[in-house]
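S.K.: One structure, as structure tokens, below. Some questions next.
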Amino acid sequence: MKKKWINIVDYFLVIGIVACLNVLFAQYFFRIDLTEDNRYSLAPVTKDILRNLDEKVYVEVFLAGDMNPGYERLKKTIKEKLQEFKVYSNKGLEFRFVDPNQIADKKIRENFYTQLVKKGLHYRYYLEEKGGQKDEKIIFPGALIYYHEREIPVMFMKGKKMISPEEELNEAVEDVEFGLISGLRRVTAKKVKNIAFVEGHGAFDEDEVADISSSLFENYNVQRIHLSDSTALKPFSVLIIAGPKTAYSEPEKLKLDQYIMKGGSVLFLINALNVYKDSLANGVTYGLPYKLNLEDLLFTYGLRLNPTLIQDKYSGVIKVQTAADGQEQMLSYPFYPVIYNFSKNPIVKNLDAILTHFIGTIDTVKAENVKKTPLLFTSTDTRIYSSPVQINLNDLRKNVALNKFNAGSLTVGYLLEGNFTSLYKNRPLPIPVKDYLSVSKPAKILLVSDADIIKNDYDAQLKKPVPLGFDVNMRYQFSNKDFLLNAIDYLAGEEIVNVRGKEIKMRPLDKEAVTEGRMEWRVINIIAPLVLLILFGILRYYYRKKKYSNF
């Protein structure tokens, strides 16, 4: 009787412990991620943004329905991330999946497609095979995030043309957290940090950088300043110097130098050579060095911008007249390198190709306490022209041997981080400076040897800027804007860009090995469970026989 009551008490004690643990775990969420690539762990900055949501956020995902395993994997990853987002947001986030293809009425369905495209979501064609029949379907691998009256599109797949479909899907899976949290940050943004375009010296005007400025306004307070007028650059987290054409004075350089010494960050987008593009319409033009008076400043910090131009076999196109009657044709133009090789830095993680125009080479020089990270690389099939450079469109009619493109992969974008030494450490100051510093606080500098990377074209008919990175001739959207937004986030100290550092390794099956061993694995899958079941029955029989015979 005593043993019976002990068993009853133990039973209810176990139930009580399980109930308490359920209540405890419902109040305090945690997850142990045992995967090698930490694919189920959220970045600290992601958790902070979710915890600070002050209003309800709604996410509508349009990747739904029956799809192939690759898209199913992406859909599953998005769903898992959103479920975890919901927990960390203290129920401040709601989501649902919608399949646009489920709309029965064709006219209504196509109108719905049009509305999604207008909102910034781009469709992809998907070939579905069932019962030997092939059916072409449209899918939208994207989402819309709603907050108050605002609406932000998020695309999980960017239509990359430089990688295989399998690699593109894997990169989309890697970028799910970044895409979602970037959208949340944009839709809930409160402008706190200031960044500035530095005007003057022929730098790009407002219309020429209108598209990137519009995107930056979503997260920053963007202003335009002039070094000669500005006495205090301290309020700005990042300065952008894009496309200068004339020389900077020593007082201006000193102001820029001291801004960096006090921990400021600068994005330099500079052409070393002035290519007279207007003359290119006549067939021949020249590339001559700019005299910007920034060479010694960059050299002191650890960089040298060379007076060169790069030709790359992997390039954009140019429209050229190929017949006397005015007929035009698109030809590959080696002076427009397409950059698709990147380092492992989060700034360039999972980017598609970047289009450049008349880009030059960059070298590094010794600079103590400065970390130098190459970001952008050309292909290996390149050649270098030193200034002065004659550029003749008639050269496109000639066949150039591949062995001429033997300069190898060249670096065209560098990130510097650390404690920089002032250019004026051992020089007389051109103007008096209060609180002069000869060594900087931790600062960042990013140099790209192409100013046009930030310049958008302008549509005169629509009277608005063409999206940055969109090439009208190729009808393709390059990743120029994504690169620049990531770069500015990094320079401004925004930790969100580090979310892109996550890498999920592809572990595809060896198709040949699978084909060769197909019969063996089928036999194993059929026979092995039966053998194990029989062995378990035999062992259980002898165990019971021994147990009860002893009793």
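S.K.: Could you please let me know if LEU468 is in the same structural domain as LEU416 (by TED's automatic domain parsing), at negative phi, within 19 Å of the chain's Cα centre (by Cα) and among the aliphatic types (A, V, I, L, M)? Before the answer, list the steps.
M.R.: On the way: in the same structural domain as LEU416 (by TED's automatic domain parsing): yes; at negative phi: yes; within 19 Å of the chain's Cα centre (by Cα): yes; among the aliphatic types (A, V, I, L, M): yes.
Answer is yes for this residue.
S.K.: Mind counting the residues in segment 291-346 that are out of contact with any Asp or Glu (no Cβ under 9 Å at 6 or more places or on another chain) and charged (D, E, K, R)?
M.R.: Count: 5.
S.K.: Could you grab me the full set of residues in segment 279-298 that are under 30 Å from ARG427 (Cβ atoms), over 33 Å from the mean Cα position of the chain (by Cα) and exposed (fewer than 13 other Cβ atoms within 10 Å of the Cβ)?
M.R.: Result: LYS291, single match.
S.K.: Return yes when LYS464 is basic (Lys, Arg) and at pLDDT below 95 and no when it is not.
M.R.: Values: basic (Lys, Arg): yes; at pLDDT below 95: yes.
Against the criterion (basic (Lys, Arg) and at pLDDT below 95), LYS464 qualifies.
Conditions (1) outside any loop (DSSP other than H, G, I, E, B); (2) more than 26 Å from ILE354 (Cβ to Cβ), marked per residue:
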| site | (1), (2) |
| --- | --- |
| ILE391 | yes, no |
| ASP395 | yes, no |
| ALA407 | no, no |
| LEU416 | yes, no |
| LYS425 | no, yes |
| LEU429 | no, yes |
| LEU437 | no, yes |
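S.K.: Wholly within segment 172-261, which strands (runs of 3 or more DSSP E) include no fewer than the required count, namely at least 1 residues that are of a type in the set (Asp, Glu) and not assigned by TED's automatic domain parsing to the domain that holds PRO141? Talk me through it step by step, then tell me what you get.
M.R.: Working: elements: 193-199, 220-226, 236-242.
Qualifying strands (runs of 3 or more DSSP E): 193-199.
S.K.: Still on this model: Identify all residues within segment 268-310 that are part of a strand (DSSP E or B) and small (Gly, Ala, Ser); write none if there are none. Full working, then the answer.
M.R.: To start, the set of residues in segment 268-310 that are part of a strand (DSSP E or B) comprises 268-269, 273-275, 284-289, 303-305, 308-310.
The answer is GLY287, and nothing else.
S.K.: Still on this model: Which of the strands (runs of 3 or more DSSP E) contained wholly in segment 311-382 include at least 3 residues that are without any contact (Cβ under 8 Å) to a residue 40 or more places away in the chain?
M.R.: Values: elements: 315-321, 328-339, 362-364, 370-377.
By residue number, 328-339.
The values are calculated or read from the model by the stated rules, or taken from the named source; none is laboratory data. Fair warning: this is a prediction, and the values are worked out from it, not measured in the lab. Note that we place each Cβ from the backbone using ideal geometry, even for glycine, and neighbour counts take in every protein chain shown.
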